[in-house]
């Protein structure tokens, strides 16, 4: 069954910033890449946190969704004490409030990883610890020692869990290698992949590659659409999937039935919903394809006009109606005459069913129930518009694409629904040409400073306690500052003071530069001279009323940054020695090529981790680029050494064949036909394959010999098959016997080809023509 959680998260964050939406130029990417990346991270955090809308910002909505998932999952618990433990977390998501209420019986909550995704652990003395993941629900947690490395959530646990997913996304963003994406559009696509909040669902490189393949199959008008339009189409697909599931695949078949009967009433409901969805689809596709003058406003008009309930069919407070054209066959969709457009003209029989107009034609009175009217008047004229979901998927070249594996559900409408959901997810959760390795290969670092963060305006119990500790002992406020960057604060004895609820705090101002823009930040501190304790940042609103800032911030820790830079410099100095050591290892008899490559791969990862530590500390030190460049050098050299060692090995194996084929370094050529030989007095038929070295003018590298007892024996049934070096191609038992007779122990190497997969590498090669 398709789990809609990931789809909804991806839809919710589909309109996160891109480099182009932020106005970043190719020149800035070329000259200020580190600053661009930091600016992108800041804007991504800002989008995640708010500004809050009437239902709260994306962060708060995600936290509420996670809490609801846990609320549903706790029903599966059979033990009353465990249900009670989970209930206390749901009732008191703020850990400080929970501890204050329950004391020693308060469960402790941690965020960790399980099944490769973020998980919540709930633990209390005397009860079995529980671990909760979105994909697997609640389970007993059997790895209690791992909690020593887990992060305890001391504020709102669901906000903290959501924040951990954003932190993972920021780590992926920090690991994007600019040298692999020198063009702005390519870098933007990679950052959109990296910034997905995918931490709640297990994903891997195969799924990323599949998403990339499916993406390439989309028609150009959808593949090249903006994030906003892809989101709109994804939302339509999700709505269509829900309808298809609810109706169990039953569509309008005609002819229309009497609506006074139960069957007729049901048929009318299905017809109305199906027509509404397809009118919405047609309008949306006209927008995406630039046809019939349809704009985004026109799409909004149609989307409002086809909503299920009449009281919902409004746009900006104005009713959207269907009115028959005074002349000709068709309908005008939009607001009533006298109000501004645009309007949509719908002509079911026309070649272009929908057209947007800015001047309303003459019409008759609005239809009170348009879909009932269409049904009673005869559905035949509307049937060509009612596209079956399978036809939609085929038109978009997505019938064979399933991110969750093959669907074998019956009846078939279940698989069709699954594919609709699959495509809806693809449009807002794309793959990447170069997905980075799993984050668990790196040391755990926090990319954000979230000590004072929160999705709501209220501080947590712990945050409030820490804030009170920063209060000035004096109640004197000083003089109100009337102008400048401190306007709205107070000045007392050359110190800037912030007043909150009659509590006074010292304010420290600091300048920093982002993309050549000077930014002045203000932060509460314990003392204005040489502060040791730091509180939240504050900023003025439009009325110069200063407010605590609850948005997480990119971590900028000077002490940690200096330490990370020193460690990076020390590691960077070892790069030449690592390359020399690898060369010596490659020349050691018996050294395995894969071991040489993996050793350099591990070193490359440590260089990347050092670069990431510098970035995670808020630094844009040039050493970051040096470390990434050295990591690429180590990785490339390891690959080159493995390739060279494999090509020159005196004992080739099927594994070597597979590796070189994957690198496009060799090709296989079938030679002649089976050649009759006599071995130990028995007839034998030899089929020979030549392995050519594409890195060296297609020179023969190895030979594969397949032996058969008869000329007619099936190709896949040789008596034996093996690999030989080019130098020993013609040498066999006679040669070995003569060597023994001469007192030498020279043997001819024959690398066995015993399994079916290994033999298939050769058998699938066609005979030369």
Given the structure, is residue 398 surrounded by 12 or more Cβ atoms within 10 Å (Cβ to Cβ), touching a helix residue (DSSP H, G or I) at 6+ places or on another chain (Cβ under 8 Å) and at pLDDT 90 or above?
no
Looking at (1) without any contact (Cβ under 8 Å) to a residue 60 or more places away in the chain; (2) in contact with a helix residue (DSSP H, G or I) (Cβ under 9 Å, 6 or more places away or on another chain), find the lone condition where residue 590 falls short.
(2)
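Condition check ((1) assigned by TED's automatic domain parsing to the domain that holds residue 57; (2) within 30 Å of residue 35 (Cα to Cα); (3) at pLDDT 90 or above; (4) part of a loop (DSSP other than H, G, I, E, B)) across all residues:
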site	(1), (2), (3), (4)
473	no, no, no, yes
482	no, no, yes, yes
497	no, no, no, no
520	no, yes, no, no
524	no, yes, yes, no
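Could you check how many residues of segment 316-327 are surrounded by 16 or more Cβ atoms within 10 Å (Cβ to Cβ) and either more than 17 Å from residue 297 (Cα to Cα) or in contact with a strand residue (DSSP E or B) (Cβ under 9 Å, 6 or more places away or on another chain) (or both)? Show your work before the answer.
Taking segment 316-327 as the starting set, the residues that turn out to be surrounded by 16 or more Cβ atoms within 10 Å (Cβ to Cβ) are 319-325.
Narrowing the set further to residues that are either more than 17 Å from residue 297 (Cα to Cα) or in contact with a strand residue (DSSP E or B) (Cβ under 9 Å, 6 or more places away or on another chain) (or both) leaves 320-325.
Total meeting the criteria: 6.
Right, residue 714: within 30 Å of residue 179 (Cβ to Cβ) and either buried (at least 17 other Cβ atoms within 10 Å of the Cβ) or at pLDDT 90 or above (or both) or not? I'd like the intermediate steps shown before the answer.
Working: within 30 Å of residue 179 (Cβ to Cβ): no; either buried (at least 17 other Cβ atoms within 10 Å of the Cβ) or at pLDDT 90 or above (or both): yes.
Spelling it out, it is not the case that residue 714 is within 30 Å of residue 179 (Cβ to Cβ) and either buried (at least 17 other Cβ atoms within 10 Å of the Cβ) or at pLDDT 90 or above (or both).
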Can you tell me how many residues within segment 645-656 are in a helix (DSSP H, G or I) and more than 36 Å from the chain's Cα centre (by Cα)?
2
Which of (1) surrounded by 12 or more Cβ atoms within 10 Å (Cβ to Cβ); (2) closer than 30 Å to residue 147 by Cβ; (3) at pLDDT below 90 is the odd one out, the single condition residue 454 does not satisfy?
(3)
Please verify whether segment 422-437 includes one or more residues that are surrounded by fewer than 20 Cβ atoms within 10 Å (Cβ to Cβ), modelled with pLDDT under 85 and touching a strand residue (DSSP E or B) at 6+ places or on another chain (Cβ under 8 Å).
no
Output for segment 500-513, where each listed residue is within 24 Å of residue 464 (Cα to Cα) and without any contact (Cβ under 8 Å) to a residue 40 or more places away in the chain
501, 502, 503, 504, 505, 506, 507, 508, 509, 510
Restricting the search to segment 361-381, which residues are at pLDDT below 90 and part of a loop (DSSP other than H, G, I, E, B)?
378, 379, 380, 381
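Among the residues of segment 359-379, what is the count of those that are farther than 17 Å from residue 274 by Cα and touching a residue at least 12 places away in the same chain (Cβ under 8 Å)?
Looking only at segment 359-379, we keep the residues that are farther than 17 Å from residue 274 by Cα, and these are 359-368.
From the residues that got through so far, the ones that are touching a residue at least 12 places away in the same chain (Cβ under 8 Å) too are 359-367.
Of the residues in segment 359-379, 9 are farther than 17 Å from residue 274 by Cα and touching a residue at least 12 places away in the same chain (Cβ under 8 Å).
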How many residues does segment 359-391 hold that are farther than 27 Å from residue 293 by Cα and either under 39 Å from the mean Cα position of the chain (by Cα) or outside the structural domain of residue 246 (by TED's automatic domain parsing) (or both)?
1
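The values are calculated or read from the model by the stated rules, or taken from the named source; none is laboratory data. Everything numeric here is computed off the predicted structure, so don't read it as measured data. Because the Cβ atoms are built from the backbone with ideal geometry, glycine has one as well, and the counts that use them run over all protein chains shown.
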